[in-house]
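Undergrad: Structure provided below as structure tokens; questions to follow.
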Amino acid sequence: MGDAWRWYDVAQRLQRFSYKLPKRYRRPRVAFDALSRLVNLGYAYHQHAENFAWDHDDPMYNLHVPTEEHVKNIGLWVVELFPPSEFASLTASIHKNAWDNQRQWLLGHRSNEEFLHDSRVTRGVEWWNLATIADVDSNIFAPDATRETTPRPFQSIDLRAIHVGAGLTAVVAHFRFKESSSDDLDSVLHGPHEPRLIHQNGKRPVADNRLFSAYRTTQEVRAAQHDTARAWMKKRCPGFFASHDEPQLLLDLLLLDSSSPFQQEPPSRDERETIRALGIQNVLFFSSESLPQLALSVQSVDLTPGMPARNTWTLWGNSSASVGAAERLDIYGEPSAYGLGEHVGRLVRSFLVKLSLNTFIDVSERLYSTSRDEARVGHRSFTTKSLDALRAQLLTLSLDLTSITDDVKSYWSRKYVTEPEIEFSRITAPWLEAAHREHGQSPIPAWNFNKHMQKEQLKRLRMLREADAEYRGLLATVASLGASIDASRLGRRALWASIASLVVAVVAVLSASVTGSSIGADVWMFMQHLLAR
């Protein structure tokens, strides 16, 4: 325990003393359990104090970022979906935000609402620019942009509506970072990191040493940027994900000065720890021929304590290598990281829509599962009101699912496209693949992510349609039984109402006065006369 006494030493002393007592004196048990919890709580504080004692040069407990390594945020993309049940929400957002005012003043073409109506009714344009929002202090050239104060990290936001089939509209928002905010992540990554004690609601605190404190602190910066973009989207353009409290699909672009996912030499320990602190993976990832030197990785919640949100993807690579390998960046001006951001945004929009369909299916499966479980628990106490609520929920899900199943099939199989289509393949990092061959092991085979995603989506949608048909059949049976129960209840209520009416009528008759006294009084006197005889 050391030379000095800490507050948690008292609990440890008491616990040690309790173990020396005979078993018959170890009561009440609740007190000993509470003492054990207090000792465990104190251990977190003890561990936190120990973390300050570790040497700053020990790589086991500290993050040493290579001096030549720097990271820059270029942009991020957020996707929201609007199935038939959310069509009114998209229309309301267009009116509420007045996105048509500036575009009509400059261009004079059809409004957003007309584009939306034509796309859903007549299968009109596949995509259109919904709006551009630029910060009031930004010097970005966007004549048809709405000028307002954007969230701090971003200088502008582009909203593009992409129509999927006949009943589904996706809105892809491109958030561009301000020059002053693109280095926020790098500043925190290179900053000093001290041990932290993380308090959790109702749980034991977590003591992070300097290394895990660097992980958490750096990832929290990314998470804050993601949360800001998602919150803006949820407030200004809420759709299916916002309605069901599900984080929207998000992709951000990170460029590093030194590390590369395609490097041939194994990364050093410092490089591996730096990449992990950023919350990205450099072992198994996805790559595309259309985006050379860039790797697509999905966030692993287990490895990112500072980024708890789901549905987060990262496109990352070496800055000079990816900019040099990209084609036709000159159309965005001088080839640069920001030109690469525009190039990436143009290529990934359609892919992100397809990727967001996975999240839509996840939410739909969860909703069906929740409805089934609630119906199983509450079937004995169902009321007409609860049945109506369940019927409305399943009807909404059924309509969305029926429409989107056909839309997804047609979107995957379409021949004529107006948006760029890119394909990703799952691969192993080149340095790891070389290590496998060196040791006589077969490398992990690559596989086409797009084809796998298409197959899984259609399979899961088919299973949902089958489950939906069963649920609707069960709901019809339950509704029929509920109607019979309601009719029985109504009959019993009518009987009691008739009895009450009879009682009221009898009381009224007995209270009536015919000969100067009430009939009830005459009957009472007659009964007394009979009893007296």
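Undergrad: Across region 69-85, in residue order, what do the Karplus-derived ³J(HN,Hα) couplings come to in whole Hz, using 6.51 cos²θ - 1.76 cosθ + 1.60 with θ = phi - 60° and x for Gly and Pro?
TA: 8, 9, 10, 9, 7, 9, x, 8, 10, 10, 10, 10, 10, 10, x, x, 5
Undergrad: If packing is taken as the average count of other Cβ atoms within 10 Å, what order do 184-194, 273-283, 230-240 fall into, highest mean first?
TA: On the way: 184-194: 17.3, 273-283: 22.2, 230-240: 19.5.
Ranking, from highest mean packing down: 273-283, 230-240, 184-194.
Undergrad: Another one. Hey, which of these cross-link pairs are over 24 Å Cα-Cα: 409/451; 96/354; 203/235; 72/203; 415/451? The partial results should precede the final answer.
TA: Details: 409/451 13 Å; 96/354 28 Å; 203/235 31 Å; 72/203 35 Å; 415/451 16 Å.
Exceeds cut-off: 96/354; 203/235; 72/203.
Undergrad: May I ask for the distance between the Cα centers of region 216-254 and region 286-334, given as a whole number of Å?
TA: When both Cα centres are located, 18 Å separates them.
Undergrad: Then there's this: Rounded to whole Hz and in sequence order, give me ³J(HN,Hα) for region 34-48 from the Karplus expression 6.51 cos²θ - 1.76 cosθ + 1.60, θ = phi - 60°, writing x for Gly and Pro.
TA: Each residue of region 34-48 in turn: 5, 5, 5, 5, 5, 5, 4, 5, x, 5, 4, 5, 5, 5, 4 Hz.
Undergrad: Once the other residues with Cβ under 11 Å from the Cβ of residue 316 are scored (Lys, Arg +1; Asp, Glu -1), what is the net sum? Each step should come with its number before you reach the end.
TA: Values: positive: 72; negative: 252.
Taking every other residue near residue 316 into account, the sum is 0.
A short reminder: the numbers here are calculations on the coordinates, not readings from a lab. In this text, all values refer to a predicted model and were calculated from it rather than measured experimentally. All Cβ positions, even for glycine, are placed from backbone atoms using ideal geometry, and neighbour counts span all protein chains on display.
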